[in-house]
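**Student:** I have a structure here, written as structure tokens, and I will follow up with some questions on it.
The values are calculated or read from the model by the stated rules, or taken from the named source; none is laboratory data. Fair warning: this is a prediction, and the values are worked out from it, not measured in the lab. Neighbour counts are summed over all protein chains in view; Cβ atoms, including those assigned to glycine, are modelled from backbone coordinates with ideal geometry. Accessible surface is based on the protein model in full, side chains and every heavy atom, while ligands, DNA and RNA are left aside. Shrake-Rupley method; radii C 1.70, N 1.55, O 1.52, S 1.80 Å.
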Amino acid sequence: MASAVGVDDYALTRVPDSARYSWWSVAVQRFGQVSALSQFLLGATIGFGMSFGNAVLAFTLGSVILELITVLVGVIGVREGLTTSMIARWTGFGRGGSALIGLAIGISLIGWFGIQSAVSAQGLAALVGGLPEWGWALVFGLVVTAIVVRGFHSMAWTAYLMVPAFLILVGWSVVSELTRHDLGALVASAPPGPSLSLLQGTTLVAGGFIVGAVITPDMTRFNRTTGDVVKQTLVGVTLGEYVIGLAGVLLAHAVGTAQITTIVTSSVGWVGLLIVIAGTMKINDWNLYSSGLGVVNFIGTVSGKRAHRGLVTAVLGVVGSVLAAAGILSKFTDFLTVLGVAFPPVAGIMVAEYFVVKQWRGDLAEARARGTVPSEAPVWVPATIVVWIAAALFGEFVDWGLPSINSLVVAFVLYVAAGKLGLVRGVGKSATADAEPAPAA
């Protein structure tokens, strides 16, 4: 039955060479993630509190931070061909830690899936009518679920359609509004709202996509070379940050507000609602996709049985759609904020282990040569859990800069120090019974 529900998409195995894609195909999806409606909102928020020149500098510095993290974590993904939560087993977390990561990814992203579905439902109810918001939330959520169940290939085609549509509509919105103003005056104008410092602006930019950066291997495992990861990151992240972000900055200066709905609808009226729908659909598929991968890893770890990615994704999509329709996902906000400091240390630890400490790097290399995954993994790595918790607490309670960046840097430094002191050791060993060799290329 499970095999009939979509494709498994190598949820617990390496992606073979025959299933890899060109860098441009993956880059379109990366750009689709970064150039979302939330990025438009980020630009408007920064433009409301910063001059155009300072906003450009903030986007530049924030993008550099994001690109560095995305490339480093993405290189691990393309080399190993594994999902984020699978890689975590041999990059410092062990089998138990990777299960926790998978569950955290699943819960947080299905929460965002529901929230995004609810946002689109508001637009559809206002634009089309016919159904109440809860009805449109179900319809929108289930349409996206059907796309994601079919796997990466189906999502690639969605990106090909939705990314250009979003860019055309946003371009229309920007041009319609900016032609009413003197562009030079807008660039030179003072911010219309309370002032933001360069540090605040930079940390907002970096934090706006930090969770997406952490789960980069879910996407880059479909790349062919490390060079492809670098190219798609430079194209996708840079264009997404600058094109959409700076458009939001200019519109905030023009309209005098940071409210994205006001900005869009004041420019192009009802077409603004289409922007909301297109902008949400092309990021919501990745919310659901990575959520499914994380839960598949969690189920495999806890039960020792392989769960089919398509079936798990279908169930999560229905759950997210129902929660969106029920209107209870606004209560997830505080929980998702906590995950904002709990996720970044994962990237810091993975990068520190894979590139510096290298306790399990040899196991990955030997298995990669065979086209499989390592036959066993440590059950727990106590030092990693301590580092993870300490870094998350630092990010939560130290009132300086951006919590997500603070927690990531602290995790990297503490893990490297623990490795140098010989404290990074696995406790127990667990056979990788839930994984199978990847198909031959």
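This table checks each residue for (1) under 23 Å from the mean Cα position of the chain (by Cα); (2) of a type in the set (Gly, Ala, Ser); (3) modelled with pLDDT under 85; (4) farther than 30 Å from Thr372 by Cβ.
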position: Gly171; (1), (2), (3), (4): no, yes, yes, yes
position: Leu178; (1), (2), (3), (4): no, no, yes, yes
position: Gly207; (1), (2), (3), (4): yes, yes, yes, yes
position: Gly212; (1), (2), (3), (4): yes, yes, yes, no
position: Thr233; (1), (2), (3), (4): yes, no, no, no
position: Val237; (1), (2), (3), (4): yes, no, yes, yes
position: Ile244; (1), (2), (3), (4): yes, no, yes, yes
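**Student:** If you take the residues in region 47-70 that are of a type in the set (Ser, Thr, Tyr) and either in contact (Cβ under 8 Å) with a residue 40 or more places away in the chain or not in a helix (DSSP H, G or I) (or both), which one is nearest to Pro191 (Cα to Cα)?
**Tutor:** Here the residue is Ser51.
**Student:** Follow-up. With respect to Gly62, determine if the residue is surrounded by fewer than 24 Cβ atoms within 10 Å (Cβ to Cβ) and under 17 Å from the mean Cα position of the chain (by Cα).
**Tutor:** Judged against the criteria, Gly62 is not a match.
**Student:** Please give the number of the condition Leu423 fails out of (1) at pLDDT 95 or above; (2) open to solvent by 50 Å² or more (accessible area, probe 1.4 Å); (3) in contact with a Gly (Cβ under 7 Å, 6 or more places away or on another chain).
**Tutor:** (3)
**Student:** Name the one entry in Ala165, Ala146, Ala121, Ala137 that is under 28 Å from the mean Cα position of the chain (by Cα) and within 25 Å of Ala11 (Cβ to Cβ).
**Tutor:** Answer to the selection: Ala146.
**Student:** Looking at (1) open to solvent by less than 70 Å² (accessible area, probe 1.4 Å); (2) at pLDDT below 85, find the lone condition where Ala440 falls short.
**Tutor:** It fails just one condition, (1).
**Student:** Please enumerate the residues belonging to region 347-374 that are under 19 Å from Ala417 (Cα atoms) and crowded, with 16+ Cβ neighbours inside 10 Å.
**Tutor:** Ala347, Gly348, Ile349, Met350, Val351, Ala352, Glu353, Tyr354, Val357, Gln359, Trp360
**Student:** Among the residues of region 185-215, how many are among the small types (Gly, Ala, Ser), open to solvent by 50 Å² or more (accessible area, probe 1.4 Å) and assigned to a helix (DSSP H, G or I)?
**Tutor:** Residues in region 185-215 being among the small types (Gly, Ala, Ser), open to solvent by 50 Å² or more (accessible area, probe 1.4 Å) and assigned to a helix (DSSP H, G or I): 2 in total.
**Student:** Here's something else I'd like to know. Please work out which residue is nearest to Gln29 (Cα to Cα), limiting yourself to region 148-170 and to residues that are open to solvent by 30 Å² or more (accessible area, probe 1.4 Å) and not hydrophobic (A, V, I, L, M, F, W, C).
**Tutor:** Tyr160
**Student:** For the condition within 18 Å of Ser303 (Cα to Cα), among the small types (Gly, Ala, Ser) and open to solvent by less than 10 Å² (accessible area, probe 1.4 Å), what is the one hit in Gly92, Gly111, Gly97, Gly123?
**Tutor:** Numbers: Gly92 fails: within 18 Å of Ser303 (Cα to Cα); Gly111 fails: within 18 Å of Ser303 (Cα to Cα); Gly123 fails: within 18 Å of Ser303 (Cα to Cα).
Testing whether each residue is within 18 Å of Ser303 (Cα to Cα), among the small types (Gly, Ala, Ser) and open to solvent by less than 10 Å² (accessible area, probe 1.4 Å) leaves just Gly97.
**Student:** With Ala369, Ala417, Ala391 as the choices, which residue is small (Gly, Ala, Ser) and touching a residue at least 40 places away in the same chain (Cβ under 8 Å)?
**Tutor:** Ala391
**Student:** Just for region 246-282: of the residues that are open to solvent by 40 Å² or more (accessible area, probe 1.4 Å) and of a type in the set (A, V, I, L, M, F, W, C), which one is modelled with the lowest pLDDT?
**Tutor:** Checked region 246-282; the qualifying residue modelled with the lowest pLDDT is Trp270.
**Student:** Another question, if that's okay. Given Phe166, Phe222, which one is in a helix (DSSP H, G or I) and either among the hydrophobic types (A, V, I, L, M, F, W, C) or farther than 22 Å from Phe40 by Cα (or both)?
**Tutor:** Phe166
**Student:** Being at pLDDT below 90 and surrounded by fewer than 21 Cβ atoms within 10 Å (Cβ to Cβ) is true for just one of Ser3, Ser51, Ser85. Which residue is that?
**Tutor:** The conditions single out Ser3.
**Student:** Sticking with this one: Can you name the condition, by its number, that Thr225 falls short on among (1) open to solvent by 40 Å² or more (accessible area, probe 1.4 Å); (2) more than 27 Å from Ile65 (Cα to Cα); (3) not aromatic (Phe, Trp, Tyr)?
**Tutor:** Failing condition for Thr225: (2).
**Student:** Just for region 327-385: of the residues that are farther than 18 Å from Thr13 by Cα and among the hydroxyl-bearing types (Ser, Thr, Tyr), which one is modelled with the lowest pLDDT?
**Tutor:** Of everything passing the filter in region 327-385, Thr333 is modelled with the lowest pLDDT.
**Student:** Residues in region 375-394 that are outside any strand (DSSP E or B), among the small types (Gly, Ala, Ser) and either open to solvent by less than 10 Å² (accessible area, probe 1.4 Å) or closer than 10 Å to Val410 by Cα (or both): how many?
**Tutor:** Count: 3.
**Student:** Run Val410 past the list (1) surrounded by fewer than 18 Cβ atoms within 10 Å (Cβ to Cβ); (2) modelled with pLDDT of 95 or more and report the number of the one that doesn't hold.
**Tutor:** With (1) surrounded by fewer than 18 Cβ atoms within 10 Å (Cβ to Cβ); (2) modelled with pLDDT of 95 or more applied to Val410, the lone miss is (1).
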